Amino acid sequence: MAYRIWPIAAVTGNPAYDGRSLRQTTAGVPLAGATPNRPLGLRSGVRPGTPASTVTVAGTTVTVAPFAGAIDVQAAAEAGGYLFSSDANVTKALTAADQNNPRVDIIYVLINDPAEGNGGTPSFTVEYLAGAAVANPTAPATPTRGFVIAQINVPSKTAGGAATVTWVAQTLTAAGGIVPVRSVAELNALPAYAGMYADLTANADNTTFALGLYRYSGTGWVLGSGFTDTGWTALPSLSGGYNSTASQAAEDRVHGATVKRLDLHGQINRNSGNNVSVGDRLATFPAGQRPKQLAYFTCASNAGVSVMLSIDPTTGNLTVYRITGGTATYIMLDGIYWLAEQ
């Protein structure tokens, strides 16, 4: 065990300072990312405001512009995190494209610290690693003590086209600050604590989460101040000719801030012995949950059958507009949504 304090003047050589003691007090304390398993650690990331254009590719040259951040990658939890910076352009040679298959490469930063048992010379470097060329490529595993900042998408020679960059670096956050995340998966992976805030800026992996500010309640993420979320509730004013079972409940959910989004999911069934018909009213949505203009949605139904629905902004009626491919006895509502502006 060692007690650490900084800054304080040493008297007769006490306290003595080393890299680990300074990391524990100067890097970890002001930055977010402490967890029960790594209480002296931090969330690796680049400085806020670092542009996605930091990494570019032109022809066979990858260029990494100056940037800075922090990284916590050592095996020992007490090792603490490192602050790093690169103050000049770094170039890497792009591995030649495969003839038939695409590839995903990575640009990453790498820490080497002999004092932590890594061997070699103390260093921070920017590195490039080519992935495997396969029909459905994924990025290669991050090397030990590495932190990925970008992916390079390399098309096959047969497909042609230029390589492109996907910026994937996490953003560094001060302790207690709002953590920006680009997916629901990243949100759920955060070392969350009660009262923590995160800003969800993209939700392609789970669109049931509205974009915006989330607060961790201690048991889960909830929309923060200025946002509302009704949760999943039964469809309003369900038509008497239709029903919904508990296992595939037809429900709606309104969530968002100034402009809210309404999502539908589940299945709605025509009562026994009857078929879905054009003009049938399925449900009626109240004012405040309607789109600004007439909207149409295509839904799955019985095998080979599709049903088009419409939502009227004036009446709020969700009705059957068209049926193609045969007879329908039920309608799948998953994936339907609109902005509730009316």
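The values are calculated or read from the model by the stated rules, or taken from the named source; none is laboratory data. Treat the numbers as computed from the prediction; the structure is a model and nothing was measured. Here Cβ is always computed from backbone atoms with ideal geometry, including for glycine, and neighbour counts include all displayed protein chains. When the accessible area is computed, the model is the full protein with side chains, heavy atoms only, and any ligands, DNA or RNA have been set aside. Shrake-Rupley method; radii C 1.70, N 1.55, O 1.52, S 1.80 Å.
For the reader, a short list of remarks on this structure follows.
- Filter pass, G41 being under 29 Å from the mean Cα position of the chain (by Cα), under 21 Å from P114 (Cβ atoms) and at pLDDT 90 or above: yes
- Among the residues of region 66-94, those identified as without any contact (Cβ under 8 Å) to a residue 60 or more places away in the chain and open to solvent by less than 10 Å² (accessible area, probe 1.4 Å) are A79, G81.
- Subset of region 198-217 (residues that are outside any strand (DSSP E or B) and open to solvent by 40 Å² or more (accessible area, probe 1.4 Å)): T201, A204, D205, N206, T207, T208, F209, L211, S217
- Qualifying residue in region 291-303 (condition: outside any loop (DSSP other than H, G, I, E, B) and either buried (at least 19 other Cβ atoms within 10 Å of the Cβ) or touching a helix residue (DSSP H, G or I) at 6+ places or on another chain (Cβ under 7 Å) (or both)): yes
- Residues in region 1-57 that are of a type in the set (D, E, K, R) and part of a loop (DSSP other than H, G, I, E, B) were compared, and the one that is farthest from K92 (Cα to Cα) is R4.
- The residues listed here are R47, R23; of these, the one that is surrounded by fewer than 20 Cβ atoms within 10 Å (Cβ to Cβ) and touching a Gly at 6+ places or on another chain (Cβ under 8 Å) is R47.
- Test: residue in region 206-217 that is at pLDDT 85 or above, closer than 29 Å to W167 by Cα and out of contact with any strand residue (DSSP E or B) (no Cβ under 6 Å at 6 or more places or on another chain): yes
- Restricting region 236-248 to residues that are modelled with pLDDT of 85 or more and under 24 Å from F209 (Cβ atoms), the residue that is least open to solvent (accessible area, probe 1.4 Å): P236
- Meets criteria (under 20 Å from the mean Cα position of the chain (by Cα) and among the β-branched types (V, I, T)) for T228: no
- Against the test of being touching a residue at least 40 places away in the same chain (Cβ under 8 Å), surrounded by 12 or more Cβ atoms within 10 Å (Cβ to Cβ), among the hydrophobic types (A, V, I, L, M, F, W, C) and in a loop (DSSP other than H, G, I, E, B), the options V276, V320, V254 yield a single qualifying residue, V276.
- Here G195 clears all of (1) open to solvent by less than 50 Å² (accessible area, probe 1.4 Å); (2) touching a Lys or Arg at 6+ places or on another chain (Cβ under 9 Å); (3) modelled with pLDDT of 95 or more; (4) part of a loop (DSSP other than H, G, I, E, B) except the condition numbered (3).
- The single condition among (1) over 27 Å from G231 (Cβ atoms); (2) assigned to a loop (DSSP other than H, G, I, E, B) that A287 does not satisfy is (1).
- Restricted to region 95-189, the set of strands (runs of 3 or more DSSP E) holding at least 3 residues that are open to solvent by less than 40 Å² (accessible area, probe 1.4 Å) and more than 30 Å from R215 (Cα to Cα) comprises 103-112.
- Filter result (open to solvent by less than 70 Å² (accessible area, probe 1.4 Å) and either of a type in the set (D, E) or part of a loop (DSSP other than H, G, I, E, B) (or both)) within region 323-342: G325, G326, A328, T329, L333, G335, I336
- Filter result for A287 (open to solvent by 50 Å² or more (accessible area, probe 1.4 Å) and of a type outside the set (K, R)): yes
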